[in-house]
Amino acid sequence: MTPNNEWKKVAASLITAVVFSFVCIISFFTLDGMSGGYALAFVSFFLAVSGIAVALLFVHRARVMDEILTGPVPLAHWIYPEEMARASAEREYRDYRERNRAMFIVIGGMLVLVALIFLLFVADGGLETGLFLLVFAVFLYLISRVAPGFERRRAMHAPHEAFIARTGIIYEGAVYPFRSFLMWRDGCSYRKADKKGPAMIIFSFSQLVGRFIIQPFDVTIPVPAGEEEKAIRIVQELCGEGPDDAR
């Protein structure tokens, strides 16, 4: 049975928010404000608020996952053999690595730009704040490089199954709500089997990675042999695409 690990992510995000809230309070009350205390407190406050926002995101994901796992019979529940699941995990790993690279270029670039502004143009506390932002940018870079490997390892050991429901999908232990905070589904399509692999349902999503930056990504769910007609019906029901629209 696929476990719901999204609640653990909620707890981790809240712990992060508490840590940065503590740093914010310490910076505001114990450091000289004009020597970087106010700047460090502001940055810590921003990161604490971000931790709370991420926790709210995972709360919604956890609830959707609970609903799919414990609710009525889903539209589809497929279990995959080891070889098929391994090939899928490798494909998802490559896609995840590319998404992380794009996200870091945007977010890391903004952090470096702000850090340079503090280092070059802010006299009081600019050095401390700029260095803190640069260190945080390096931390994000390491996370962006390491996370795909951890995700691949997680997928390899996750239950090799997929759930498709009207509110979202669960694939290899990860949940993708069709609509949530900062992420939404754009559509779905059916791809016929070919020499490269089995038939697939491709769910297209978009996520907000910056104030005005939207990044698209796909979640590709393999269709077991003999389930092709069922997969086409699911695409018709969820996205209104018929067999003539299949790619």
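Would you be able to say whether some residue in region 82-102 is of a type outside the set (Ser, Thr, Tyr) and outside any helix (DSSP H, G or I)?
No, region 82-102 contains no residue that is of a type outside the set (Ser, Thr, Tyr) and outside any helix (DSSP H, G or I).
Restricting attention to region 100-144, and to residues there that are surrounded by fewer than 18 Cβ atoms within 10 Å (Cβ to Cβ) and closer than 22 Å to Gly173 by Cβ, which single residue is modelled with the highest pLDDT?
Residue satisfying both the conditions and the ranking: Ile143.
Yes or no: Pro159 part of a strand (DSSP E or B), at pLDDT below 90 and within 21 Å of Arg61 (Cα to Cα)?
no
When Val73 is evaluated against the numbered criteria (1) crowded, with 16+ Cβ neighbours inside 10 Å; (2) outside any helix (DSSP H, G or I); (3) modelled with pLDDT under 90, which criterion, by number, is the only one it fails?
Every condition holds for Val73 apart from (1).
Provide a single number: the residues in region 100-134 that are touching a helix residue (DSSP H, G or I) at 6+ places or on another chain (Cβ under 9 Å) and either within 17 Å of Leu40 (Cβ to Cβ) or free of Cβ contacts under 8 Å to residues at least 40 places away in the same chain (or both).
The number of residues fulfilling the criteria is 23.
Any residue at all in region 221-244 that is at pLDDT 90 or above and part of a strand (DSSP E or B)?
So far as region 221-244 goes, yes, one or more of its residues are at pLDDT 90 or above and part of a strand (DSSP E or B).
With respect to His60, is the statement that it is of a type outside the set (Gly, Ala, Ser) and crowded, with 17+ Cβ neighbours inside 10 Å true?
Here the answer is yes, as His60 does meet what is asked.
Output the qualifying pairs, or none if there are none: Cβ atoms under 6 angstrom, residues six or more apart or on different chains, first residue in region 149-170 and closer than 18 Å to Leu69 by Cβ, second residue at pLDDT 80 or above and surrounded by fewer than 14 Cβ atoms within 10 Å (Cβ to Cβ).
Correct list of pairs: Glu161/Ile79.
Any residue in region 174-182 that is touching an Asp or Glu at 6+ places or on another chain (Cβ under 7 Å), crowded, with 19+ Cβ neighbours inside 10 Å and not in a loop (DSSP other than H, G, I, E, B)?
Yes, the conditions are met somewhere in region 174-182.
Failed condition for Gly210, given (1) part of a loop (DSSP other than H, G, I, E, B); (2) modelled with pLDDT under 85; (3) touching a Phe, Trp or Tyr at 6+ places or on another chain (Cβ under 9 Å), with all others met?
The one condition Gly210 does not meet is (3).
The values are calculated or read from the model by the stated rules, or taken from the named source; none is laboratory data. Everything numeric in this text was worked out from a predicted model, so none of it was measured. Glycine also receives a Cβ, built like all others from the backbone with ideal geometry; neighbour counts cover every protein chain displayed.
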